[in-house]
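Below is one structure, written out as structure tokens; comments come after it.
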């Protein structure tokens, strides 16, 4: 599952869940979280670690990192 899907399903399960709250739970600013989500910034190793931990492994972080690098190469 990618990050967008995870956020979508979490919001459906819990009406109080938000991108802002999740970013804070991960320990990152909402700006950084947004840039990573929009693939405008490469996720750090620490971000991927926290994402994997807090999503209980539901997000495919290897796929996410690969897509981020592919986006970066496109310009």
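Overview of values
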read-out: Number of the condition not met by residue 20 [criteria: (1) in contact with a helix residue (DSSP H, G or I) (Cβ under 7 Å, 6 or more places away or on another chain); (2) surrounded by 15 or more Cβ atoms within 10 Å (Cβ to Cβ); (3) in a helix (DSSP H, G or I)]; value: (2)
read-out: Conditions (1) outside any loop (DSSP other than H, G, I, E, B); (2) touching a helix residue (DSSP H, G or I) at 6+ places or on another chain (Cβ under 8 Å); (3) surrounded by 16 or more Cβ atoms within 10 Å (Cβ to Cβ): number failed by residue 39; value: (1)
read-out: Test: residue 28 is over 11 Å from the mean Cα position of the chain (by Cα), surrounded by 12 or more Cβ atoms within 10 Å (Cβ to Cβ) and assigned to a loop (DSSP other than H, G, I, E, B); value: no
read-out: Residue in the stretch 42-75 that is surrounded by the most Cβ atoms within 10 Å (Cβ to Cβ), counting only those that are under 19 Å from residue 9 (Cβ atoms), free of Cβ contacts under 8 Å to residues at least 40 places away in the same chain and in contact with a helix residue (DSSP H, G or I) (Cβ under 9 Å, 6 or more places away or on another chain); value: 61
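Readers should treat all values here as calculations from the given coordinates under stated rules, not as data from a laboratory. Predicted model only: the values in this text are computed from it and were never measured. Please note: Cβ atoms are built from the backbone with ideal geometry, for glycine as well, and neighbour counts cover all protein chains shown.
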